[in-house]
Amino acid sequence: QFDVLVVGGGPAGASAAIYAARKGLNTGIVAERFGGQVADTLSIENFISIKATEGPKLVAQLEEHVKEYNVDVMNNQRAVGLSYNNGYDITLANGAVLSAKSLVLATGARWREMNVPGESQYRGHGVAYCPHCDGPLFKGKSVAVIGGGNSGIEAAIDLANIVEHVTVLEFANTLRADEVLIRKANSLKNITIIKNAQTTAVLGDGKRVTGLSYTDRESGESKMISLAGIFVQIGLIPNTEWLKNSDVSLTRFGEIEIDAKGSTSLPGVFGAGDVTTTPFKQIIIAMGSGATASLGAFDYLIRHSDN
Ligand code: FAD
């Protein structure tokens, strides 16, 4: 039985595993794909103290750091269930069951995609999902934000400070963002908002994004905009489908509810990173929350464990 079993091998999980192992706890980490979203990231310029790096390079360093410690790393394994049986049991897709006194759930999240031609081809070459991460790459250029909810309008306001012009494309005939954000966006001269717009394709020159096409849902007309970048802001989906039948409390968006110590609704079960209710989804934040969750687990174990 593990003292701490970490589910998820992104920055949150890696950090949680290191913090747990450094407390002398018997630690395991089970991950569908070690590295998580970082493995899909080209350039990273906001991981403080490292001016610039690349996703795969950071993943290799994370792995190297975890392996410095006595951590049982089980990669390419997907958790499919969580149950209680004199400790917590994590069932894997291959049928194996791992047992632990405490858990850190760090299964991350994934961006909802538009699923239009060109999107995956130009991902990282103009198609972006994170304005905090990639906004500065488009300094002085024109970009689009897809989605007129809170994250879309926030992204547009954020980007308007950096880029030349932002076009927001919203599928519906109204924006779903808070009124105060809509007012702010409307007050900025370099933001144009287009409603009733269904994005139909990402256009490019083979190397980078050059624009997008959309259908005006009112007139049925097909239109084109020239752009250097497209920020897709139509939702971030937490990877919690596997927890739906467990007793871990999730919000209506599927995020794991945690408190300041990373505790979930189940004693001894902690959450960290993008999968939780933490409001901002970034590598440095995920790592911090992984540390918090493991220190929370340590705190729990010294109070509840006999050996
Ligand atoms: P994730 O990185 O999502 O890791 C989740 C882990 O859980 C993975 O190992 C996954 O395989 C595993 N997992 C999921 N489900 C299961 C399961 N059922 N069983 C077992 N394992 C499971 N942030 C920045 O700070 N700077 C950037 O420049 C930046 N750029 C980005 C660019 C892109 C393209 C993307 C997608 C994200 C970017 N981010 C960036 C965001 C950052 O990557 C995330 O905030 C961060 O990776 C979250 O870490 P996490 O550990 O919580 O989750």
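The values are calculated or read from the model by the stated rules, or taken from the named source; none is laboratory data. Remember, it's a predicted structure, so these values are computed and weren't measured experimentally. All Cβ positions, glycine included, derive from the backbone under ideal geometry; neighbour counts span all protein chains shown.
Quick look at the values:
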item	result
Among (1) touching a Leu at 6+ places or on another chain (Cβ under 7 Å); (2) in a strand (DSSP E or B); (3) farther than 20 Å from Leu42 by Cβ, the one test that Thr200 misses	(1)
Residues within region 70-80 that are of a type outside the set (A, V, I, L, M, F, W, C), surrounded by 14 or more Cβ atoms within 10 Å (Cβ to Cβ) and more than 21 Å from the chain's Cα centre (by Cα), tallied	1
Residue that is farthest from the chain's Cα centre (by Cα) [pool: residues in region 1-52 that are near the ligand (Cβ under 9 Å from one of its atoms), of a type in the set (S, T, N, Q) and assigned to a loop (DSSP other than H, G, I, E, B)]	Asn46
Residue satisfying condition, being over 24 Å from Phe253 (Cβ atoms), among the hydroxyl-bearing types (Ser, Thr, Tyr) and surrounded by 15 or more Cβ atoms within 10 Å (Cβ to Cβ), within set Thr215, Thr199	Thr215
Flag for Ser305 being more than 16 Å from the ligand (Cβ to nearest atom) and in contact with a Ser or Thr (Cβ under 6 Å, 6 or more places away or on another chain)	no
Hits in region 53-78 (condition: of a type in the set (D, E, K, R), more than 25 Å from Leu301 (Cβ to Cβ) and assigned to a loop (DSSP other than H, G, I, E, B))	Arg78
Residue satisfying condition, being more than 16 Å from the ligand (Cβ to nearest atom), in the same structural domain as Leu25 (by TED's automatic domain parsing) and not hydroxyl-bearing (Ser, Thr, Tyr), within set Gly268, Gly254, Gly288	Gly268
Pairs with Cβ under 6 Å, 6+ apart, first in region 27-53 and within 28 Å of Arg78 (Cβ to Cβ) and assigned by TED's automatic domain parsing to the domain that holds Ala17, second more than 6 Å from the ligand (Cβ to nearest atom) and among the polar types (S, T, N, Q)	Val30/Gln77; Ala31/Asn75; Phe34/Asn75; Ile44/Thr53
Selection from region 116-154 of residues that are away from the ligand (no atom under 11 Å from the Cβ), charged (D, E, K, R) and in the same structural domain as Thr174 (by TED's automatic domain parsing)	Lys139, Lys141, Glu154
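Okay, residues lined up against (1) within 15 Å of the ligand (Cβ to nearest atom); (2) part of a strand (DSSP E or B); (3) over 21 Å from Ala197 (Cα atoms):
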| position | (1), (2), (3) |
| --- | --- |
| Val80 | yes, yes, yes |
| Ile90 | yes, yes, yes |
| Lys101 | no, yes, yes |
| Glu113 | yes, no, no |
| Asp158 | yes, no, yes |
